[in-house]
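Input: a single structure, listed below in structure tokens.
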Amino acid sequence: MIRTTIATISALLALALPAQAADDFIAAPTLRASVTVTADVVRVGDLIDNAGSAALIAVYRSPDLGTTGALPVAQVLSVLRAKQVIGVMTGDITEVQVTRLARTLASKDLETAVASALERRFGLGDAANINVTFDRGIADMRLDASNTGALQPIATRYDARNGRFDVAFEINNDHNPTPTKLRFTGTAIETVEVAVLTRDIDRADLLKSSDIALERRPKAEVTGEPASRDRTIGMQLRRPMRSGTPIRVADIVKPDFVLRDQSVTVIYQVPGIYLTTRGKAIESGAEGDTVSVLNLQTKRTLTGVVTGRGQVTVQGASQSTPMVAAVEQTSSLKRDEAPAPVNTDALIRKLVQAPASQAQVAQAQIPQTRVSQAPAKSE
């Protein structure tokens, strides 16, 4: 009962207050120093806090999309008085900054959108390999901030003969049921990353890191498989090529370790014996190639495998043949016996004329002091 009485008395006192006291509780309109808008006009409610019924009155045209403009306070108050808005509190504000929000579509994003619309269609490959050029050289594009939807392609045309495209997009709008439409035209060319020569290269030159640069070229310009940088370095060209020429896999070969008419080292190997002599290459070859060489001492032509630069190895008896006989024979000399003179040239001549059998190697009686003995392998 007491609480009800108190509440009634409070209500009567409030009704009894003068009208001027009630007005004191209404907040005064206050000017804002910084304003952001999304519409194409600036309203009183954008500029002033507590604008009341005047908030929807349009007073200025908004700045361009994505830009900011400055309004002197005196000019703002003059415009507001003309709209019957008075008693605005300005504080120490001297000007009002008005920024119009926008959605910015970067030119690179537009290129990506077009490439994605063409990806794996019309004979094209991945979007990342499609180079897009717009007809008008489009820079960054600004749209009203209400265009929040994604770029959705609705029509795509492409002519593979000349690379021309015509692509239309739609973007959903928060304030308008009708989506925003965009259309772009230009050329789209599929490219590949290829190693390109930075200088003129001769057939005999080895390709170095400084000779190669990576560039993207139209796929139509590179017939065949393009060569990667890693695969190119250290190789040779099949023919001389000019600077700026893209390199294909078919253009490169392993480097020649032996050149025709080059003086080479001929290595003759049989189980337990390793001999070298000089020779002349009859043909060129890369590492692992089989080539013919002329033994300069015997004037006989031998066939061997290129095993290094200027080096050809001629294999004798099979490496799997047991070497016990050779080892036992070469180690049969007594310590107090002087080794008999050996004509090394004659020995080489005998060995290279025909493949040596294990018994022939044993009969050669090669002193350990003149020819190195390879250790026998244990099975």
*Ala204 passes all but one of (1) touching a residue at least 40 places away in the same chain (Cβ under 8 Å); (2) under 20 Å from Leu105 (Cα atoms); (3) more than 28 Å from the chain's Cα centre (by Cα); (4) in a loop (DSSP other than H, G, I, E, B); which number fails?*
(2)
*If we only count strands (runs of 3 or more DSSP E) wholly inside segment 232-283, which ones have 3 or more residues that are out of contact with any helix residue (DSSP H, G or I) (no Cβ under 9 Å at 6 or more places or on another chain) and under 17 Å from Thr298 (Cα atoms)?*
263-270, 273-281
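Somewhere in segment 101-108, is a residue assigned to a loop (DSSP other than H, G, I, E, B) and closer than 30 Å to Val41 by Cβ? Before the answer, list the steps.
Here is the first cut: in segment 101-108, the residues assigned to a loop (DSSP other than H, G, I, E, B) are 101, 106.
Of the ones still in play, those that are also closer than 30 Å to Val41 by Cβ are 101, 106.
Yes, segment 101-108 contains a residue that is assigned to a loop (DSSP other than H, G, I, E, B) and closer than 30 Å to Val41 by Cβ.
For Val85, are the conditions met, namely being in contact (Cβ under 8 Å) with a residue 12 or more places away in the chain, in a helix (DSSP H, G or I) and not assigned by TED's automatic domain parsing to the domain that holds Thr148? It would help to see each step written out before you state the result.
Details: in contact (Cβ under 8 Å) with a residue 12 or more places away in the chain: yes; in a helix (DSSP H, G or I): no; not assigned by TED's automatic domain parsing to the domain that holds Thr148: yes.
For Val85, the condition - in contact (Cβ under 8 Å) with a residue 12 or more places away in the chain, in a helix (DSSP H, G or I) and not assigned by TED's automatic domain parsing to the domain that holds Thr148 - is not met.
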*Do we find a residue being of a type in the set (Ser, Thr, Tyr), surrounded by 17 or more Cβ atoms within 10 Å (Cβ to Cβ) and assigned to a strand (DSSP E or B) anywhere in segment 187-199?*
yes
*Which one of these does Gly285 not meet: (1) outside the structural domain of Arg199 (by TED's automatic domain parsing); (2) within 23 Å of the chain's Cα centre (by Cα)?*
(2)
*Have a look at Ser243, Ser228 and point out the one that is among the small types (Gly, Ala, Ser), in contact with a Leu (Cβ under 6 Å, 6 or more places away or on another chain) and farther than 30 Å from Gln152 by Cβ.*
Ser243
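The values are calculated or read from the model by the stated rules, or taken from the named source; none is laboratory data. A quick note: this is a predicted structure, and the numbers were derived from the prediction, not measured. For neighbour counting, all protein chains shown are included, and Cβ atoms are generated from backbone atoms with ideal geometry for every residue, glycine included.
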